[in-house]
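Report on the structure given below.
Computed from the coordinates by the stated procedures, all read-outs in this text should not be read as laboratory data. In this text the structure is predicted, and so the values were computed from the model without any measurement. Quick reminder, even Gly has a Cβ in these numbers, built from the backbone with ideal geometry, and neighbours come from all protein chains shown.
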Amino acid sequence: EELDASSGALDLPGAASRLLAPLLTARGCLLRRLSARHLDRRSVRTLARALRSNGSLDSLNLSSNMVYGRAASDFAAALAGHASLTALDLDHNPLLDGGGAAVAAVLPSTPIRSLSLCFTGVGDAACDALALALAGDCRLRSLRLSGNRITSSGATSLAASLGKLAHLDLTANVRLDGAATAALAKALPA
């Protein structure tokens with residue numbers, strides 16, 4: 001049910017395509033939780049292709065990998081319509097706003113309830129995309145955005161969605177100011 005390769009065991013050349021992809025795409029796959037670190041961009045793209053035909057994963061932790069640029073977009077597209085994934089952790093990947101927005105765009109088509117994008121370089125544009133997803137038919141309830149480049153603008157965008165979220169973590173966003181705090185406080189449900 002669980003594969004923990006957070007030690008970097010899958011960072012060997014070809015490991016993702018020879019081990020991980022066949023495991024995820026096997027008929028009757030029972031793998032529910034996967035943690036993998038130190039994957040290069042090629043391995044992330046291989047994983048993305050495998051996710052398209054996997055229906056068993058409910059938790060995916062890909063913190064500290066090379067999910068960025070085209071790999072981030074491919075990965076986000078692979079999440080679209082995934083029927084069972086409820087928790088996604090992409091902490092410590094250089095997603096930036098483009099990757100964060102790509103993930104946000106597919107949220108309404110997934111059952112993801114918990115999303116962690118800590119220390120990924122996302123900023124206000126990703127917050128705008130997340131707010132848009134939350135305004136629609138999105139199941140997200142926990143959003144972690146610690147240690148990013150979010151300013152008052154991004155926090156204000158997210159403030160409108162506070163009623164849908166049970167947990168929002170914006171710690172260590174050094175660009176947040178009093179205006180952001182005020183906007184978030186005002187939006188808190190009574």
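Between the helical axis of 96-106 and the longest alpha-carbon principal axis of the chain there is an angle of about 80 degrees. Positive contributions from Lys and Arg (+1) and negative ones from Asp and Glu (-1), summed over other residues with Cβ under 13 Å from the Cβ of Thr151, come out at -2.
Residues within the reach of a label modelled at Arg42 (point 7 angstrom out along Cα to beta-carbon, backbone nitrogen below 15 Å), restricted to the stretch 56-70, are 66.
Straightening the chain between Leu30 and Asp137 buys 35.7 nm, computed as 0.36 nm per residue apart minus the Cα-Cα spacing. Within the shell of other residues whose beta carbon sits under 12 angstrom from the beta carbon of Arg52, the net charge comes to +1, with Lys and Arg scored +1 and Asp and Glu -1.
The trypsin sites (Lys or Arg not before Pro) of the stretch 1-83 meeting both criteria, a DSSP state outside H, G, I, E and B (loop) and at most 11 other C-beta atoms within 10 angstrom of the site's C-beta, are Arg27. Compared with the dominant Cα axis of the chain, that is its longest principal axis, helix 124-135 is turned about 90°. With the helix formula -39500 (n - 2.57) applied to DSSP H stretches of n ≥ 4, the chain reaches a computed 222 nm mean residue ellipticity of -10500 deg cm²/dmol. Each Lys or Arg adds one and each Asp or Glu takes one away; over the other residues whose Cβ falls under 14 Å from the Cβ of Ala83, this sums to +3. Computed from point charges on the beta carbon alone (+1 for Lys and Arg, -1 for Asp and Glu), the dipole magnitude for the chain about its Cα centre is near 360 Debye.
In a fully extended conformation the segment linking Arg49 and Ala166 would gain 39.0 nm over its present Cα-Cα distance, using 0.36 nm per residue.
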